[in-house]
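The values are calculated or read from the model by the stated rules, or taken from the named source; none is laboratory data. Since the structure is predicted, the reported quantities are computational estimates derived from the model, not experimental observations. Every residue, glycine among them, receives a Cβ derived from its backbone with ideal geometry; neighbour counts consider all protein chains shown. Note: accessible area is taken over every heavy atom of the protein model, side chains too, but ligands, DNA and RNA are not part of it. Shrake-Rupley method; radii C 1.70, N 1.55, O 1.52, S 1.80 Å.
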Amino acid sequence: MNVNPDDLLVLLAVSRTAKFTAAAQALGLNHTTVSRRIASLEKALGGRVLARAPGGWELTDLGAQAVQAAEQVEAVVGALGPAGRAPDPITGVVRMTATDGFSAYIAAPAVARLRRNHPGLSVEVVTMTRRALQQRSGLDIEVVVGEPQVHRAEAMRLGEYMLGMYASRAYLAEHGTPATVAELNDHPLVYFVDSMLQVDDLDAPRRLVPAMRDGLTSTNVFVHVEATRAGAGIGFLPCFMGDLHPDLVRLLPAEIAELLPYWMVLRPDSLRRPAVAAVVQALREQMAGHREWLLGRGKTSSAAP
């Protein structure tokens, strides 16, 4: 078997991006060269290393074995830094998806802090609220709400956060303050678009206050917050977002308090990359350091408008 190490590195780039075009751009090659290198590697190994998947290219079992060898080649090449100075292993691009609130208040500061010591690190964050994918080509980290049911992936619990009902002081002054859960039914709800909500764990308002009618709905939690502040209705918000605004009041905290978990999902090979492992650790530290805030204990809310 005569395997070209350059072909292995090309496969490694494709495994991390799921696309020939993205791998070509990262390596400074063209799409045709990447395709030719993969074909050369498959000929040398005697089998397919990649298979088409909905999100791009997925590694076959043979490809996964080849990527492990490619990572060793990458590590050896990376060790050939300037004389007297060890290269920083925490470098390159890490790609992740997470919910809007998590991305803004957990991921962004965690990555910013990490990059102060590792400027060669780049993190791409795509915000979305969905179930964990069964195939995650080109994606290193997923952060989802609720325990994921995944195969061929590593899943770990990051921590919990609290959601509650909020209204603006101006809204309550105009429409009155609900004193019971039943009285919430007289007010419009600001929350996710029910028909587009993919995460069962986030259906709490429709379960706890089923007769509450929709007022303004959106797929983006920042819209929920601003619509609630603007008086569009009563918003069901993460406490770590709602409590940031003194013009918002948390309502009936003893009766409406939904505790949900954040889970992190990774490809089995992702944690072998120092950059991914460092981002994972930074996210865990950010979650742990802000536990009280995430649980809605960061400030005391009064129900008076």
- Note on the structure: Going through the stretch 15-42 in order, the residues found to be among the hydrophobic types (A, V, I, L, M, F, W, C), buried (at least 21 other Cβ atoms within 10 Å of the Cβ) and over 19 Å from Val3 (Cα atoms) are Ala18, Phe20, Ala23, Ala24
- Task: Test each condition in (1) part of a helix (DSSP H, G or I); (2) in contact with a strand residue (DSSP E or B) (Cβ under 9 Å, 6 or more places away or on another chain); (3) aliphatic (A, V, I, L, M); (4) over 30 Å from Gly176 (Cβ atoms) for Met264 and report the one that comes out false.
- Result: (1)
- Task: Could you grab me the full set of residues in the stretch 96-131 that are polar (S, T, N, Q), under 16 Å from Val280 (Cα atoms) and not in a helix (DSSP H, G or I)?
- Result: Thr97, Thr99, Ser122
- Message: Quick check on the stretch 51-59. Is at least one of its residues touching a helix residue (DSSP H, G or I) at 6+ places or on another chain (Cβ under 8 Å), at pLDDT 90 or above, of a type in the set (A, V, I, L, M, F, W, C) and open to solvent by less than 50 Å² (accessible area, probe 1.4 Å)?
- Response: no
- Single unsatisfied condition, Val93 versus (1) at pLDDT below 90; (2) of a type outside the set (D, E, K, R); (3) not in a strand (DSSP E or B): (3)
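One line per residue, one yes/no per condition, for (1) surrounded by fewer than 23 Cβ atoms within 10 Å (Cβ to Cβ); (2) out of contact with any Phe, Trp or Tyr (no Cβ under 7 Å at 6 or more places or on another chain):
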{"residue": "Ala98", "(1), (2)": "no, yes"}
{"residue": "Ala104", "(1), (2)": "yes, yes"}
{"residue": "Ala108", "(1), (2)": "yes, yes"}
{"residue": "Leu114", "(1), (2)": "yes, yes"}
{"residue": "Leu121", "(1), (2)": "yes, yes"}
{"residue": "Asp140", "(1), (2)": "no, yes"}
{"residue": "Val150", "(1), (2)": "yes, yes"}
{"residue": "Gly159", "(1), (2)": "yes, no"}
{"residue": "Ala167", "(1), (2)": "no, yes"}
- Being within 22 Å of the chain's Cα centre (by Cα), at pLDDT 85 or above and farther than 30 Å from Leu237 by Cβ, is that true of even one residue in the stretch 104-112? no
- Query: If you go through the stretch 250-260 one residue at a time, do you hit one that is open to solvent by less than 20 Å² (accessible area, probe 1.4 Å), assigned to a strand (DSSP E or B), in contact with a strand residue (DSSP E or B) (Cβ under 6 Å, 6 or more places away or on another chain) and of a type in the set (Val, Ile, Thr)?
  - Reply: no
- Query: Counting just the residues of the stretch 133-143 that are in contact with a strand residue (DSSP E or B) (Cβ under 7 Å, 6 or more places away or on another chain) and in a loop (DSSP other than H, G, I, E, B), which one comes out modelled with the highest pLDDT?
  - Reply: Asp140
- Query: Can you find even one residue in the stretch 196-208 that is in a strand (DSSP E or B) and open to solvent by less than 30 Å² (accessible area, probe 1.4 Å)?
  - Reply: no
- If you go through Val209, Val265, Val249, the only one that is more than 27 Å from the chain's Cα centre (by Cα) and modelled with pLDDT under 95 is Val209
- May I ask you to list pairs of residues, at least six apart or on different chains, whose Cβ atoms are under 9 Å apart, with the first in the stretch 153-171 being in contact (Cβ under 8 Å) with a residue 40 or more places away in the chain and the second being in a strand (DSSP E or B) and of a type in the set (D, E, K, R)? Ala153/Glu142; Met162/Glu258; Leu163/Glu258; Gly164/Arg250; Gly164/Glu258; Met165/Arg250; Tyr166/Arg250; Ala167/Arg250
- Query: When both residues are 6+ apart or on different chains and their Cβ atoms are under 6 Å apart, which pairs have a first residue that lies in the stretch 61-73 and is at positive phi and at pLDDT below 80, and a second that is in a helix (DSSP H, G or I) and open to solvent by 40 Å² or more (accessible area, probe 1.4 Å)?
  - Reply: none
- Which of the residues that make up the stretch 144-166 are in contact with a Leu (Cβ under 6 Å, 6 or more places away or on another chain) and at pLDDT 95 or above? Glu160, Tyr161, Met162, Met165, Tyr166
- Query: Residue check: is Val221 more than 30 Å from Ala155 (Cα to Cα) and modelled with pLDDT of 95 or more?
  - Reply: no
